[in-house]
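Read the structure below first, then the notes.
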Amino acid sequence: MSDLTESLAEMGQGAFAARAVEPHAGEGADGGKGHTHESACLNCGTTLVGSHCHACGQAAHVHRTLGAFFHDLMHGVFHFEGKIWRTLPMLIRHPGKLTREYIDGRRASYVSPIALFLFCVFLMFGVFHATEEPENLGAKMTSPTELAKAIASSEKRIDGLKTRRKALAAAGKDTDQIDKEIDSKETALGVMRDTHDAVTENGGDVQQISDIRPIQQAVAKFRENPDLAAYKLQTYAYKYSWALIPISVPFLWLLFPFSRRFHLYEHTVFATYSICFMTLLAVVAMLLGAVGAGTLEGLLFFVPPFHMYAQLKGTYGLARRGALWRTALLVIFACTALLLFFVALTAQT
């Protein structure tokens, strides 16, 4: 399957997963125009009174044409039943208001946090597969052991070139070309040696990155087989992205310790909508990188703190000073949550 096909499939899967979470999101009063006209519900047989069965909730009219089937497909993927186009602008411009309205029960106009989260995750990985450079898909990352082998092999080639140079010089032939080749190989060898020294110490042991054992083990495992670790991290991140929500909630609780005004449910809604925004920001960054807009891509790094500030201020009704210091802490907590997520994923590999 090509990257484009795989990406579209993942985005479609995300839309249908989100649709499963909100099966009646944004449906009109008449349930849409159907192609059948039953007097009894096709699902449970109850006599129909309105546009939906009052016993089981199924629509009175069902589609039975190919055109209607593909209309549902396109509508589900690209329209998300209309609510997505009201939710995304609010998530971007007024995240605090969106979070507070959902918590307070004004939800009819918005996509629920978990439905939006599912869609954003599938979208992000779909765009990732579509924009990842082909030459990077099989890029070989080197571990200390592989570097040592490459250094030994390069030294042998240089010794062979030097032997040939002596023979050419003894025969009175020109050695300019082989001298250039030797210089090039020796430069590359110097780079490999510097890289090897940078990632190893004490006779080849992995450098101590952290005193925290799980983090050190995660780094060691990644360096032992970088290609396999990167592949598994991508696979597990796709499956366990939902774990970011429960990982993040305790950190939000720490911003309001022992508060009776705010509860874990509010923190969960906040964390889910916030992760949705950060996921969409990652999608934009990947698209900018794909078109060569590296400067704009770099500027996106400064967006999260401002979004966190606006969401904190609007959701919890904070004053400016309270929102500012909590934003500073939240940035640190978010980095910590990502690190914990990385360590948890690495443990699975």
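Consider Leu318 against the criteria (1) among the aliphatic types (A, V, I, L, M); (2) modelled with pLDDT of 95 or more; (3) not in a helix (DSSP H, G or I): it satisfies all of them except one. Which criterion is unmet?
Among (1) among the aliphatic types (A, V, I, L, M); (2) modelled with pLDDT of 95 or more; (3) not in a helix (DSSP H, G or I), Leu318 violates only (2).
Do we find that Val269 is modelled with pLDDT of 90 or more, part of a helix (DSSP H, G or I), open to solvent by 50 Å² or more (accessible area, probe 1.4 Å) and not aromatic (Phe, Trp, Tyr) in this structure?
Here the answer is no, as Val269 does not meet what is asked.
Quickly run through region 272-296 and pick out the residues that are more than 20 Å from Leu88 (Cα to Cα), part of a helix (DSSP H, G or I) and open to solvent by 40 Å² or more (accessible area, probe 1.4 Å).
Answer for region 272-296, where residues must be more than 20 Å from Leu88 (Cα to Cα), part of a helix (DSSP H, G or I) and open to solvent by 40 Å² or more (accessible area, probe 1.4 Å): Ala290, Gly294, Thr295, Leu296.
Among the candidates Ala188, Ala198, which residue alone is at pLDDT below 75, of a type in the set (Gly, Ala, Ser), open to solvent by less than 70 Å² (accessible area, probe 1.4 Å) and in a helix (DSSP H, G or I)?
Only one candidate passes the filter, namely Ala198.
Which residue pairs have Cβ atoms under 8 Å apart, sit 6 or more places apart or on different chains, and have a first residue in region 171-193 that is free of Cβ contacts under 8 Å to residues at least 12 places away in the same chain and farther than 14 Å from Glu155 by Cβ and a second that is open to solvent by less than 70 Å² (accessible area, probe 1.4 Å) and of a type in the set (A, V, I, L, M, F, W, C)?
Cβ pairs passing all conditions: Asp174/Leu168; Thr175/Leu168; Thr175/Ala169.
When you look at Ala310, is it part of a helix (DSSP H, G or I), of a type in the set (A, V, I, L, M) and crowded, with 16+ Cβ neighbours inside 10 Å, yes or no?
Spelling it out, Ala310 is indeed part of a helix (DSSP H, G or I), of a type in the set (A, V, I, L, M) and crowded, with 16+ Cβ neighbours inside 10 Å.
Can you tell me which residue among His79, His63, His54, His94 is at pLDDT below 85 and under 30 Å from Val284 (Cα atoms)?
His79
With the requirement that a residue be open to solvent by 30 Å² or more (accessible area, probe 1.4 Å) and within 14 Å of Ala271 (Cα to Cα), what does region 103-117 give you?
Ile114
Only one residue in Arg164, Arg261, Arg213, Arg157 is surrounded by fewer than 12 Cβ atoms within 10 Å (Cβ to Cβ) and at pLDDT 85 or above, so which one is that?
Every option except Arg261 fails the conditions.
The values are calculated or read from the model by the stated rules, or taken from the named source; none is laboratory data. Every value quoted in this text rests on a predicted model; they were computed, and no experiment measured them. Here the Cβ is made from the backbone with ideal geometry for all residues, glycine too, and neighbour counts use every protein chain on show. Heavy atoms of the whole protein, side chains included, go into the accessibility calculation; ligands, DNA and RNA do not. Shrake-Rupley method; radii C 1.70, N 1.55, O 1.52, S 1.80 Å.
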